[in-house]
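See structure below.
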Amino acid sequence: MLNTSVTIEKNKLIASKKQLLWIAMISISMFFAGLLSALIIERKDINTWQGFVLPDYFLFSTIIICLSSLLLFFYKKKLKENKSVFGIFFSVLILGFAFTYYQVQGWEILLESGIKFLGPSWNKAGGYLYVLTLMHLLHLFGGLIALIVSNVKIKRNLYNSSNYLGLQLTSTYWHFLTFLWIVLFIFLKTSIVV
């Protein structure tokens, strides 16, 4: 009887952690939906909208985050085979840092092109790009922290085929960030470009 009540409590805890993650992801989605709605409205004012070519670094970062997300589809199979998933999660972490690097490179090209976020020569389209990409990057840092924690716990052998909630939560959040970035990239590519 005691074992059953412990299992029920453990399942409730797991379910509550998953629900909290989904609530957070829905809240983040609503935040970005508001920003994208503002972008759509502002885009219609052709007198003040100055489009520009999106640097290729943003395409490179899109490919990288998609690859990282694809890698995460393989970890459950490895866990069931009692194999280490460190290589997968470490690769995703490295790709997450590469995504960040390419985002910053894209910003640098925009700044060198005179597309500013602030100041007398600011560009409204550029402003939206900076805000959207920076906000995504801030949320991505949370994913990078989760990946670092997951990698440390994997190295300490704290996960196995019956105990991997942290990996599930990290993977779900990372897939969410990937999907969110694809949506943002499509909006940026179709709204910002001249």
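General observations
- Chymotrypsin sites (Phe, Trp or Tyr not before Pro) lying in DSSP loop within region 126-175, provided at most 10 other Cβ fall within 10 Å: none
- About its Cα centre, region 34-136 has a charge dipole of approximately 560 debye under the convention of +1 per Lys or Arg Cβ and -1 per Asp or Glu Cβ, with nothing else charged.
- Distance from the Cα centroid of region 6-35 to that of region 106-134 is 34 Å (rounded to whole angstrom).
- Across the options Leu138, Gln168, Gln105, the greatest Cα extent toward the positive end of the charge dipole of region 56-194 (unit charges at beta carbon of Lys, Arg, Asp, Glu) belongs to Gln168.
- For region 84-194, relative contact order (Cα pairs under 8 Å, six or more residues apart, normalised by length) works out to 31 percent.
- Taking amide hydrogens as placed 1.01 Å from N in the peptide plane, the amide H of Lys116 sits under 5 Å from those of Asn123, each at least 5 positions away in sequence or on another chain.
- Within the chain: Cβ-based charge dipole about Cα centre, in debye rounded to nearest 20 (Lys, Arg +1; Asp, Glu -1): 880
- Taking each DSSP H run with n ≥ 4 as -39500 (n - 2.57) and averaging over every residue of the chain yields -27500 deg cm²/dmol at 222 nm.
- Sites Leu118 and Ala98, calculated FRET efficiency, Cβ-Cβ separation with R0 25 Å, nearest 0.05: 0.35
- For region 76-83, the Karplus equation 6.51 cos²θ - 1.76 cosθ + 1.60, evaluated at θ = phi - 60°, returns couplings of 5, 4, 5, 4, 5, 8, 6, 9 Hz by residue, with Gly and Pro reported as x.
- List Glu81, Glu42, Glu112, Glu9, ordered by accessible area with a 1.4 Å probe, largest first: Glu112, Glu9, Glu81, Glu42
- Put Ile40, Ile88 in order of accessible area, highest first, and with a 1.4 Å probe you get Ile40, Ile88.
- Ser29 versus Asn157: modelled label distance in nm, points set 7 Å from Cα along the beta carbon direction: 4.0
- Relative contact order for the chain, counting Cα pairs under 8 Å that sit 6 or more residues apart, in percent: 33
- Extension gain (nm, one decimal) between Gln50 and Ile14, 0.36 nm per residue minus Cα-Cα: 8.1 nm
- Just checking the listed ones, Ser150, Ser68, Ser121: in the Gaussian network model of the chain with Cα springs under 10 Å, the one fluctuating most is Ser121.
- Accessible carbon and sulfur surface of region 1-101 relative to its total accessible area, %, 1.4 Å: 69
- All alpha carbon pair distances within region 58-194 were sorted into 10 Å bins beginning at 0; the resulting P(r) in whole percents reads 12, 40, 26, 15, 7, 1.
- Span-rule helices in the chain, defined as complete DSSP H runs reaching 30 Å or more along the axis (Cα) with Kyte mean at least -1.0: 2-43, 86-112, 124-155, 165-191
- Å² per residue, accessible surface of region 109-194 at 1.4 Å: 48
The values are calculated or read from the model by the stated rules, or taken from the named source; none is laboratory data. Not measured: the values here are computed from a predicted model. Here Cβ is always computed from backbone atoms with ideal geometry, including for glycine, and neighbour counts include all displayed protein chains. Surface accessibility is based on the protein's heavy atoms, side chains included, excluding ligands, DNA and RNA. Shrake-Rupley method; radii C 1.70, N 1.55, O 1.52, S 1.80 Å.
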